[in-house]
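Just below is one structure, and these are the notes that go with it.
The values are calculated or read from the model by the stated rules, or taken from the named source; none is laboratory data. Small disclaimer: the values here were computed from a predicted structure and weren't measured. Counting neighbours? That spans all protein chains shown, and the Cβs are built from the backbone with ideal geometry, glycine included. Heads up: the accessible areas ignore ligands, DNA and RNA and are worked out on the full protein's heavy atoms, side chains in. Shrake-Rupley method; radii C 1.70, N 1.55, O 1.52, S 1.80 Å.
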Amino acid sequence: MIERYRTVRGSGQLEIVIKKSRFIGHIMPVSTEEEAIAFIDDIKKKHWNATHNCSAYMIGERDEIQKQSDDGEPSGTAGKPILEVIKNQQLKNVAIVVTRYFGGIMLGAGGLIRAYTDGAVAAIEAGEAIAKVLHREVFVELDYTWLGKVENELRGREVRTGETAFTDKVTLTCLPPDSETEAFIAWITDLTQGQSRITEGQRLYFIEGE
């Protein structure tokens, strides 16, 4: 799993008008090719009377899946520019559809490339680009006498935390960045003078800065 990647917060759409043609950029975060195809098909059904529904998607930690479609526009003038916007903005796991309703004025190849580029940028603006950072669950079990001190130290270091379980002892769920797990465990061990029981859980992504 990669430590950090950019994607979008959620689905969205935004319309722009270029020489009387309407371009509607749609975006959706996706984790599989099946999800991307379903999203594209859904937009095509909603905009069945559009002149074109051009699309592109990129999926995978190493961008293993990259597909694009001109949907009847001249080759290379629609799907490829959309895909290039995804690449240039370093986004992963997203699908974009740019719907066009022809306004009667021909744009030419260069104009189409610029229009579909702008449509893809508009879609990303609507979906809100974010960064996700890989974290690691670290469960810290300790006596209640340590709780106040450890919680204060965690707040002071702005460590992300999850649920706290209260039994005969207290178990804190800490969520440090995955790359800092070893250093975090060493710090907690030192802080509690070796009197805490520490176990590691799963890796999870969280939005950077939230």
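Kindly establish whether ALA109 is touching a Leu at 6+ places or on another chain (Cβ under 8 Å), touching a residue at least 24 places away in the same chain (Cβ under 8 Å) and either under 28 Å from ASP41 (Cβ atoms) or among the small types (Gly, Ala, Ser) (or both).
Judged against the criteria, ALA109 is not a match.
Scan GLU180, GLU137 and give me the residue that is open to solvent by 40 Å² or more (accessible area, probe 1.4 Å) and not basic (Lys, Arg). Break it down into steps so the answer makes sense when it comes.
Numbers: GLU137 fails: open to solvent by 40 Å² or more (accessible area, probe 1.4 Å).
The unique qualifying residue is GLU180.
Which condition number does THR192 fail, the rest of (1) touching a residue at least 24 places away in the same chain (Cβ under 8 Å); (2) surrounded by 16 or more Cβ atoms within 10 Å (Cβ to Cβ); (3) within 33 Å of the chain's Cα centre (by Cα); (4) farther than 30 Å from VAL17 by Cα being met?
Unmet for THR192, out of (1) touching a residue at least 24 places away in the same chain (Cβ under 8 Å); (2) surrounded by 16 or more Cβ atoms within 10 Å (Cβ to Cβ); (3) within 33 Å of the chain's Cα centre (by Cα); (4) farther than 30 Å from VAL17 by Cα: (3).
Please specify each residue of region 125-169 satisfying the condition of being within 30 Å of ALA78 (Cβ to Cβ) and either among the basic types (Lys, Arg) or assigned to a loop (DSSP other than H, G, I, E, B) (or both). Give the derivation first.
So in region 125-169, the residues within 30 Å of ALA78 (Cβ to Cβ) come out as 125-132.
Once the filter is applied, which keeps residues that are within 30 Å of ALA78 (Cβ to Cβ) and either among the basic types (Lys, Arg) or assigned to a loop (DSSP other than H, G, I, E, B) (or both), region 125-169 yields GLU128, LYS132.
On the given criteria, is GLY60 among the small types (Gly, Ala, Ser) and in contact (Cβ under 8 Å) with a residue 40 or more places away in the chain? Write out each step before concluding.
Values: among the small types (Gly, Ala, Ser): yes; in contact (Cβ under 8 Å) with a residue 40 or more places away in the chain: no.
Criteria not met by GLY60.
Considering only region 57-71, how many residues are touching a Ser or Thr at 6+ places or on another chain (Cβ under 8 Å) and of a type in the set (Val, Ile, Thr)?
Qualifying residue count, region 57-71: 1.
Would you list the strands (runs of 3 or more DSSP E) that sit entirely within region 51-124 and hold 1 or more residues that are more than 17 Å from VAL8 (Cα to Cα) and open to solvent by less than 10 Å² (accessible area, probe 1.4 Å)? Reasoning before the result, please.
Details: elements: 52-59, 65-69, 94-101.
Answer list for region 51-124: 52-59, 94-101.
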